[in-house]
Amino acid sequence: MAKQIGMDLGSSNTQIFLREKGIVMRAPSVVTIDRYTHEVIASGVGAKKMLGKTPPAILALRPLKDGVITDLEVTSLMVNDFFRKLELTGFFNRPSVLVSIPYGVTEVERRAVEDAIVEAGAKSVDLMDEPIAAAVGAGIRVSKARGAMLVDLGGGVSEAAVISLGGIVQSNSLRIAGDELDIAIVNYLKQHRNILIGEMTAELLKKRIGTAMPGIDRGTLKVCGRDLHTRLAITAEISSEEIYDAMREPIAEIIAMIKTTLEETPPELSADIFDYGIVMVGGTALLPGLQQAVHERTGVRVTVAKHPMDCGCLGLGQMLKSTGGEFTKVKP
């Protein structure tokens, strides 16, 4: 019998839910391939460790950007390698896949996802809007005639969606999220400290000492980079306050998008949201101070889901279980 799987295919990370076992893979959306033969050398964690360190014959690639596929062939190779590691594909055994995608993507972008997953070895592919899947995974009863607001802060896209009766009533998205925060840190240190660091080092700074509110001191962190004057390697101690300054503008844009979504929401649903609050999911939702910053700008209570990074994949899994894997019956 063909396996039924749910896949949260994100810009930064990919998660796979197997109906019989739960979440069986959490891996960075990175793959390394041979430039000449196009054979996969590594995918996931192993490939991410190679970013910025490969010789010319090896390409380390992130085939998704801003929540959508930028290279169909490379995405297919990466997903195929994930399937191979989990032993999900065989000559007579191709899985049926339910994939979450950002709400509001174009028909061309939707088609690219379907083509990449089929090319990777899937028998059939169905698509589910990411805000709905994440809301289900966060424990929101989306089928009720009650407004619920979900803010999904991933690696490539930030989405704010108001959900009622199993559908999205109001939504806004911004292609500014975790990856853009990393780039902002790189640019800040280049301009203010004349130090060039890689995006992986910037991600480490964000996770270790980053904040979304002034006055939260998470200490300092020593990192290695390149002095832009001498062109030589240098060690620098970066403070939590500097990382806050670096991320301040993109975070302000994300919060403004959330506020705009609230302002555009019908009054009856706005009342529900004021009563029940905003639920945040996604890895960026774990940034210290962000919950408080959103609350101060919107005046609405904000909570972070119990497992914010897993909500999208868990929601897909719940849908598969509730329908016995019959994707035509998948309803929120």
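Return the subset of 85/207; 48/207; 123/306; 53/85 for which the Cα-Cα distance in this structure is over 22 Å, preserving the input order.
Numbers: 85/207 28 Å; 48/207 16 Å; 123/306 33 Å; 53/85 24 Å.
Result: 85/207; 123/306; 53/85 exceed 22 Å.
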| said: About the Cα centre, and with charges only on the beta carbon of Lys, Arg (+1) and Asp, Glu (-1), how big is the dipole of the range 123-237? Nearest 20 debye, please. | reply: 240 debye
| request: Using only the alpha carbons of the range 168-247, determine the length spanned along each of the three principal axes and report them from longest to shortest in whole angstroms. | output: 54, 25, 18
| Which one of 233, 120, 60 has the biggest mean-square fluctuation once the chain is modelled by GNM with Cα springs under 10 Å? | 233
| remark: Using alpha carbon centers only, the range 98-145 is separated from the range 53-92 by a whole-angstrom value of 18 Å
| field | Fluctuation leader among 148, 160, 236 - the chain, Gaussian network, Cα springs under 10 angstrom | value | 236
| So how strong a dipole does the chain carry about its Cα centre when Lys and Arg Cβ are +1 and Asp and Glu Cβ are -1, to the nearest 20 debye? | 900 debye
| Using a 1.4 Å probe, what is the accessible area per residue for the chain, in Å²? | 47 Å²
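Carbon-plus-sulfur fraction of the accessible area of the chain, 1.4 Å probe, in percent? Mind dumping the intermediate values first?
Working: 7830 of 15550 Å².
Whole-percent figure for carbon plus sulfur exposure: 50.
Helix-derived [θ] at 222 nm for the chain: sum -39500 (n - 2.57) over DSSP H runs of at least 4, divide by residue count, nearest 500?
Values: 10 runs with 121 residues, N = 332.
So the helix-based figure for the chain works out to -11500 deg cm²/dmol.
Working with all protein chains in place, sort 53, 48 by solvent-accessible area computed with a 1.4 Å probe, largest first. Walk me through the numbers before you get to the answer.
Working: 53 155, 48 50 Å².
Accessible-area ranking of 53, 48, largest first: 53, 48.
For the range 1-100, what proportion of DSSP beta bridges, expressed in % and rounded to the nearest 5, is antiparallel?
Values: 21 of 26 bridges.
If we restrict to bridges inside the range 1-100, about 80 percent are antiparallel.
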| query | Between 210, 67, 52, which gets the highest mean-square fluctuation from a Gaussian network model of the chain, Cα cutoff 10 Å? | reply | 52
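The values are calculated or read from the model by the stated rules, or taken from the named source; none is laboratory data. Quick caveat, the model's predicted, so the values are computed rather than measured. Cβ atoms come from the backbone with ideal geometry, glycine included; neighbour counts cover every protein chain shown. What goes into the accessible areas is simple: the full protein's heavy atoms, side chains included, and nothing from ligands, DNA or RNA. Shrake-Rupley method; radii C 1.70, N 1.55, O 1.52, S 1.80 Å.
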